[in-house]
Amino acid sequence: EMSGSGIIDFGTHTANHRILTNIGDEEWVKEIREPRERLSKILGKEILSFCYPNGKPGTDFTEQHIDYLKKSGYLCAFTTEASLYDPEKADLFRIGRIPAGHDFTSYAPFFRLSCSGTWGT
């Protein structure tokens, strides 16, 4: 129902939340490929976005992983870097996010300020 609404889109993560740089090539390819295939089958449409487990560039994923995502047909991927999206400077395979956790970052007024760019992340 959410997928069919046209306002919500789904992306994938790895199958078992394994850090890509901690496993061998065959394993990380499988970790990326399998959840996409399953979710595509369930939703009946192609999955185009990915989120790196832990998401720290150079630590949790590398250029090799980005190249694989691109060759596999993904359009973008998300990191855990705290940053606003700037379409003029953005690397679509290193999109940052605004953190919101079980602390002050999830306080609605603070989160709104963070997302507006008024308050530094």
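The values are calculated or read from the model by the stated rules, or taken from the named source; none is laboratory data. The structure presented is a predicted model; accordingly, all values stated were derived computationally and were not measured. Note: ideal-geometry Cβ built from the backbone for every residue, glycine included; neighbour counts use all protein chains shown. Please note that ligands, DNA and RNA were not included when accessible areas were found on the heavy atoms of the full protein model with its side chains. Shrake-Rupley method; radii C 1.70, N 1.55, O 1.52, S 1.80 Å.
Numbers for the structure displayed
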quantity	calculated
Test: residue in the stretch 29-45 that is assigned to a loop (DSSP other than H, G, I, E, B) and modelled with pLDDT of 95 or more	no
Residues of the stretch 55-72 classified as at pLDDT 95 or above, out of contact with any helix residue (DSSP H, G or I) (no Cβ under 9 Å at 6 or more places or on another chain) and surrounded by fewer than 17 Cβ atoms within 10 Å (Cβ to Cβ), total	4
Single condition residue 77 does not satisfy, out of (1) open to solvent by less than 50 Å² (accessible area, probe 1.4 Å); (2) modelled with pLDDT under 90	(2)
Tabulated pairs, the stretch 28-55, first within 15 Å of residue 10 (Cα to Cα), second of a type outside the set (Val, Ile, Thr) and open to solvent by 70 Å² or more (accessible area, probe 1.4 Å), C-beta under 7 angstrom, 6+ apart or interchain	40/46; 48/75; 49/75
Near pairs, Cβ below 9 angstrom, 6+ apart or cross-chain, from the stretch 1-17 (over 24 Å from residue 66 (Cα atoms)) to any residue that is surrounded by 14 or more Cβ atoms within 10 Å (Cβ to Cβ) and of a type in the set (Phe, Trp, Tyr)	2/10; 3/10
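For (1) closer than 16 Å to residue 72 by Cα; (2) open to solvent by 80 Å² or more (accessible area, probe 1.4 Å); (3) not polar (S, T, N, Q), each residue gets a yes or a no:
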{"residue": "4", "(1), (2), (3)": "no, no, yes"}
{"residue": "13", "(1), (2), (3)": "yes, no, yes"}
{"residue": "19", "(1), (2), (3)": "no, no, yes"}
{"residue": "24", "(1), (2), (3)": "no, no, yes"}
{"residue": "34", "(1), (2), (3)": "yes, no, yes"}
{"residue": "38", "(1), (2), (3)": "yes, yes, yes"}
{"residue": "45", "(1), (2), (3)": "yes, no, yes"}
{"residue": "50", "(1), (2), (3)": "yes, no, yes"}
{"residue": "53", "(1), (2), (3)": "no, no, yes"}
